[in-house]
Amino acid sequence: MFPKGTDVSETKPVRHPYYQLWPEDGSTQVTNTTRLSFCITAKPPAWKTASVRDLCQIMWEQYIDMNKFPIWMNRNGEKFRRVTFDVEMTSDGSSLQFAVILQGKRIGSQEVQVLFD
């Protein structure tokens, strides 16, 4: 997500884009879990190895209109909605705060839960 040495401070939050494919159309309640990992080596591997550890899970729930997201089709011709969102991380020096941004709007903290592994 963030290269080693990235400055993470309260005055300079860092964001990373994510997406999730959903089969629903119309409006629906979405529950999503995004797992964040970190690597203990200077150069991260191309896939998860013993040097990659779980940091936390970010869980959020939001009622959204799926029709506002683009359709994505897999090789079998199945259609999904590609829901894109950002995860933003800030630090005050002693703790990390995470936020989820969906369609340019920050999801309220009561709908976002962070569990550290």
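The values are calculated or read from the model by the stated rules, or taken from the named source; none is laboratory data. Just so you know, these numbers come straight off a predicted model, no measurement behind them. Here the Cβ is made from the backbone with ideal geometry for all residues, glycine too, and neighbour counts use every protein chain on show.
Can you confirm whether R35 is closer than 27 Å to G93 by Cα and touching a residue at least 24 places away in the same chain (Cβ under 8 Å)?
Answer is no for this residue.
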Do you know which residues across the range 82-102 are within 14 Å of V30 (Cα to Cα) and touching a helix residue (DSSP H, G or I) at 6+ places or on another chain (Cβ under 9 Å)?
V83, V100
When you scan the range 34-61, how many residues do you find that are surrounded by 13 or more Cβ atoms within 10 Å (Cβ to Cβ) and within 16 Å of V100 (Cβ to Cβ)?
9
Could you tell me which of the residues E24, E88 is touching a residue at least 24 places away in the same chain (Cβ under 8 Å), surrounded by 14 or more Cβ atoms within 10 Å (Cβ to Cβ) and in contact with a Pro (Cβ under 9 Å, 6 or more places away or on another chain)?
E88
Please go through the range 71-85 and give me each residue that is touching a strand residue (DSSP E or B) at 6+ places or on another chain (Cβ under 6 Å) and exposed (fewer than 10 other Cβ atoms within 10 Å of the Cβ), ordered by number.
M73
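Residues are listed down the side, and each one gets a yes or a no for (1) out of contact with any strand residue (DSSP E or B) (no Cβ under 6 Å at 6 or more places or on another chain); (2) over 17 Å from K105 (Cα atoms); (3) hydrophobic (A, V, I, L, M, F, W, C); (4) at pLDDT below 90:
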site: D25; (1), (2), (3), (4): yes, yes, no, yes
site: V30; (1), (2), (3), (4): no, no, yes, yes
site: T34; (1), (2), (3), (4): no, yes, no, yes
site: F38; (1), (2), (3), (4): no, yes, yes, yes
site: A46; (1), (2), (3), (4): yes, yes, yes, yes
site: S51; (1), (2), (3), (4): no, yes, no, no
site: C56; (1), (2), (3), (4): no, yes, yes, yes
site: M59; (1), (2), (3), (4): no, no, yes, no
Which one of these does I64 not meet: (1) farther than 21 Å from P23 by Cβ; (2) surrounded by 11 or more Cβ atoms within 10 Å (Cβ to Cβ); (3) modelled with pLDDT under 90?
(1)
